[in-house]
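All remarks here apply to the structure that follows.
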Amino acid sequence: MVAGEEKGLVLLDFWVSPFAQRCRIALAEKGLACESVEQELLGDKGELLLRSNPVHKKVPVLLHAGRAVCESLVILEYIEDAFPEAMPRLLPADPYARAHARFWADYVDKTVYGIGTRLWKLKGEGRAAARAEMLETLRTLEAELGGKAFFAGEAFGFVDVALIPLTSWFYSYEEHGGFSVQEEFPRLAEWARRCGERESVAKILTKPEDVLDFIGLLKKCYGIVE
């Protein structure tokens, strides 16, 4: 039996994508088998990806019994709804707590990766502005985390899944921005270490050095010279 066949789950994936990794971590947490199908993103994109996500033409896409669900946070919620028996639940039962988790996952979605991209793409004033925004964003996230083990409290949940894959990119952001997450945001660094001890996270996250190499490849593609 092909992995995921019993649930009809296939993930259109890309090895270094933190957004696809969100989905793989959530599926692993819930014990849901899923076939991962690697996509070509740096050259001509494949027919399956273009057909499954004709609007954005990007990963991740979750195929469930042949039907496509696009965008990582949407996929996380879909997994919660489509497999209510699969534990643990990533979103809390309380409506306010669910809304709170969605707010912070959305905040992560709208800040970290985009700011980080500007950090390695730009130079001079543009990079300095991106650095300041990144530091403010991480400061905001650390304040929300506070003294909790995870963003929702004692249980690994929705916001943790949304943010933890991006920690593999922190090393690259530090290299381009001249700062240290460990020194400036120790509680966030400790949270990342704690999450990294989970099997679902440890087996999926990309090594930070490999992310840096991948960014180097992207810079060559874009003709960016330091």
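Points to keep in mind about this one:
- Qualifying positions in region 90-113 - open to solvent by 40 Å² or more (accessible area, probe 1.4 Å), within 16 Å of the chain's Cα centre (by Cα) and either farther than 19 Å from GLY157 by Cβ or of a type outside the set (Phe, Trp, Tyr) (or both): ARG102, ASP106, ASP109, LYS110, TYR113
- When region 54-87 is filtered for residues that are open to solvent by less than 50 Å² (accessible area, probe 1.4 Å), over 21 Å from TYR113 (Cα atoms) and not in a strand (DSSP E or B), the ones remaining, listed by number, are ILE79, GLU80, ALA82, PHE83, ALA86.
- Inspection of region 113-133 finds a residue satisfying the criterion of being closer than 22 Å to ALA26 by Cα and in contact (Cβ under 8 Å) with a residue 12 or more places away in the chain.
- Only listed residue being outside any strand (DSSP E or B), of a type in the set (A, V, I, L, M), more than 17 Å from the chain's Cα centre (by Cα) and surrounded by 22 or more Cβ atoms within 10 Å (Cβ to Cβ), chosen from ALA143, ALA155, ALA130, ALA162: ALA130
- Among the residues of region 169-208, those identified as of a type in the set (Ser, Thr, Tyr) and either open to solvent by 40 Å² or more (accessible area, probe 1.4 Å) or farther than 20 Å from GLU133 by Cβ (or both) are TYR171, SER200, THR206.
- Residue match in region 8-31 (condition: within 21 Å of LEU205 (Cβ to Cβ), touching a Gly at 6+ places or on another chain (Cβ under 6 Å) and surrounded by fewer than 22 Cβ atoms within 10 Å (Cβ to Cβ)): no
- Selection count, region 134-184, where residues are among the β-branched types (Val, Ile, Thr) and either free of Cβ contacts under 8 Å to residues at least 12 places away in the same chain or in contact with a strand residue (DSSP E or B) (Cβ under 7 Å, 6 or more places away or on another chain) (or both): 0
- Qualifying residue in region 31-43 (condition: over 22 Å from PHE150 (Cβ atoms), at pLDDT below 95 and in contact with a Lys or Arg (Cβ under 9 Å, 6 or more places away or on another chain)): yes
- Where a residue in region 14-32 is over 12 Å from LEU73 (Cα atoms) and its partner, wherever it lies, is aromatic (Phe, Trp, Tyr) and crowded, with 19+ Cβ neighbours inside 10 Å, with Cβ under 8 Å and at least six apart: GLU29/PHE156
- Against the numbered list (1) over 20 Å from ASP106 (Cβ atoms); (2) open to solvent by 20 Å² or more (accessible area, probe 1.4 Å); (3) touching a residue at least 24 places away in the same chain (Cβ under 8 Å); (4) part of a helix (DSSP H, G or I), LEU49 comes up short only at (2).
The values are calculated or read from the model by the stated rules, or taken from the named source; none is laboratory data. Remember, predicted model here, so these are calculated numbers, not experimental data. Using ideal geometry, Cβ is built from the backbone for each residue, glycine included, and neighbour counts are taken over all protein chains shown. Please note that ligands, DNA and RNA were not included when accessible areas were found on the heavy atoms of the full protein model with its side chains. Shrake-Rupley method; radii C 1.70, N 1.55, O 1.52, S 1.80 Å.
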